[in-house]
Amino acid sequence: MSDTRPVLAITAGEPAGIGPDLTLTLAELPSHARRVVLTDLTLLQARAATLGRAPQLVAYQHGQQPPAGALEVLHMPLAAPCAAGQLNPANAGFVLATLDRAIAGCQSGEFAAMVTGPVHKGVINDAGIPFTGHTEYLAEKTGTARVVMMLAGDRLRVALATTHLPLRAVADAITRPDLEQVIRILHRDLINRFHIAKPRILVAGLNPHAGEGGHMGREEIDVIAPVLTQLRAEGMDLVGPLPADTLFNPDRLDGCDAVLAMYHDQGLPVLKYATFGHGINITLGLPLIRTSVDHGTALDLAGTGRANPSSLHEAVQLAEQLSART
């Protein structure tokens, strides 16, 4: 019997981490979409045995309805044996292959969205493969000139003007054209993906006290404020540049649809403090829907049964919602 429900591709991520543990819990989560885990089937079976779980794992067949309550697995073999908590660079290519398969399925229409489990950037680089993160990798593989990383949880959304850069490189990376593009992508996807008719976006300054009138840096005066003025003239509701140390208080956030931080550790510590364990990472600007967990591989928790699946569950449910809206 054919199955017309949307299909989500879910990559389990680093095989030695908690990704396999978390994906096993999806068998218990109610769903209006099919959830297909892209990983090694024998890895999931072994991890399930370690955890004392017995989910029904079945091979994914495109267009075919799976048994009720089963977790579908698109089997992709590991390159080398894997033990929980023990990284092996030999499996770095396997991790990227699961991403490539999910991307290809989304581009062909086989998958309605992709949800990514945590990867270990260091072991991928140790394998001789340059890799800075999912966000950059997905942009390259889809031929997307610019994407925007946004994390969300508890009605708070924080997007980033720059992503995985050394701190000393951040200021040079914030130019008028780049900042304008980031804001346009954020504004457009809040409308198109999240169905917010007129998004209100708070924009952080780069420097302490938003530059203190130029005494602590001129990026606010020379770059950020002119871009905001230009885009406000087009009808965008933008507030800023605001000092980051007071931006995240409840009064300012009331009625706000998203915050744009200038760099990774300016905005994400606040969001993760407020939402860790059930926050979600969303990549904006892509020609496909991608959500992800907001945490890492937690090698020390792999195979212990103590990993919290809440963030993955939230990411899967948001992917289903976004798929239904398109």
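The values are calculated or read from the model by the stated rules, or taken from the named source; none is laboratory data. It should be emphasised that the depicted structure is a prediction, and the values quoted were computed from it without experimental measurement. Virtual Cβ from ideal backbone geometry, glycine too; neighbours counted across all protein chains shown. All accessible areas refer to the heavy atoms of the entire protein, side chains included, with ligands and DNA or RNA removed. Shrake-Rupley method; radii C 1.70, N 1.55, O 1.52, S 1.80 Å.
The single condition among (1) free of Cβ contacts under 8 Å to residues at least 12 places away in the same chain; (2) farther than 16 Å from G153 by Cα that P250 does not meet is (2).
Scanning the range 48-59 for residues that are open to solvent by 10 Å² or more (accessible area, probe 1.4 Å) and not in a strand (DSSP E or B) yields a count of 8. Close contacts from the range 152-166, counting a first residue that is in contact (Cβ under 8 Å) with a residue 12 or more places away in the chain and a second that is open to solvent by 60 Å² or more (accessible area, probe 1.4 Å) and of a type in the set (A, V, I, L, M, F, W, C), with Cβ to Cβ under 9 Å and a gap of 6+ residues or different chains, come to G153/F276. Cβ-Cβ contacts under 6 Å between residues 6 or more apart (or on different chains), taken from a first residue in the range 169-189 that is under 13 Å from V147 (Cβ atoms) to a second residue that is open to solvent by less than 40 Å² (accessible area, probe 1.4 Å), are listed as V182/V148; V182/A161; I185/V148; I185/L284; I185/G285; L186/V148; L186/A159; D189/L284.
Determine whether T98 is among the hydroxyl-bearing types (S, T, Y) and closer than 16 Å to L8 by Cβ. Walk me through it before giving the result.
Values: among the hydroxyl-bearing types (S, T, Y): yes; closer than 16 Å to L8 by Cβ: yes.
So T98 passes the test.
A27 satisfies every condition listed in (1) in contact with a Pro (Cβ under 6 Å, 6 or more places away or on another chain); (2) buried (at least 21 other Cβ atoms within 10 Å of the Cβ); (3) within 28 Å of S323 (Cα to Cα) except (2). Exactly one residue among L96, L78, L74 is of a type in the set (A, V, I, L, M, F, W, C) and assigned to a loop (DSSP other than H, G, I, E, B), and that residue is L78. Within the range 215-240, residues that are outside the structural domain of I185 (by the TED database) reach no partner that is among the aliphatic types (A, V, I, L, M) with beta carbons closer than 7 Å at six or more positions or on different chains.
Restricting V123, V73, V115, V119 to those that are touching a strand residue (DSSP E or B) at 6+ places or on another chain (Cβ under 6 Å), open to solvent by less than 40 Å² (accessible area, probe 1.4 Å) and closer than 21 Å to G296 by Cβ reduces the list to V115. For R168, are the conditions met, namely being in the same structural domain as L190 (by the TED database), open to solvent by 60 Å² or more (accessible area, probe 1.4 Å) and farther than 21 Å from H295 by Cα? It is true that R168 is in the same structural domain as L190 (by the TED database), open to solvent by 60 Å² or more (accessible area, probe 1.4 Å) and farther than 21 Å from H295 by Cα.
Table: residues versus (1) over 17 Å from H120 (Cα atoms); (2) of a type outside the set (D, E, K, R); (3) touching a Leu at 6+ places or on another chain (Cβ under 6 Å); (4) assigned by the TED database to the domain that holds H120.
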| site | (1), (2), (3), (4) |
| --- | --- |
| G17 | no, yes, yes, yes |
| A27 | yes, yes, yes, yes |
| R34 | yes, no, no, yes |
| Q45 | yes, yes, no, yes |
| A48 | yes, yes, yes, yes |
| A54 | yes, yes, no, yes |
| L57 | yes, yes, yes, yes |
| P67 | yes, yes, no, yes |
| L71 | yes, yes, yes, yes |
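Checked against the criterion of being more than 26 Å from L138 (Cα to Cα), surrounded by 16 or more Cβ atoms within 10 Å (Cβ to Cβ) and touching a residue at least 60 places away in the same chain (Cβ under 8 Å), the candidates A84, A33 yield just one match: A84. Considering the range 273-326, and only residues there that are of a type in the set (K, R) and surrounded by fewer than 17 Cβ atoms within 10 Å (Cβ to Cβ), the residue that is modelled with the highest pLDDT turns out to be R306. Being among the hydroxyl-bearing types (S, T, Y), surrounded by fewer than 22 Cβ atoms within 10 Å (Cβ to Cβ), more than 19 Å from I221 (Cα to Cα) and not assigned by the TED database to the domain that holds R101 is a description that does not apply to T175. The range 192-279 holds helices (runs of 4 or more DSSP H) entirely within its bounds, and those carrying 1 or more residues that are over 27 Å from D294 (Cβ atoms) and among the polar types (S, T, N, Q) map to 225-232. A single member of G13, G93 is farther than 23 Å from A324 by Cα, of a type in the set (G, A, S) and either in contact with a strand residue (DSSP E or B) (Cβ under 6 Å, 6 or more places away or on another chain) or crowded, with 23+ Cβ neighbours inside 10 Å (or both), and it is G13.
If we keep just the residues of the range 249-272 that are of a type in the set (D, E, K, R) and at pLDDT 95 or above, which is farthest from R184 (Cα to Cα)?
D265
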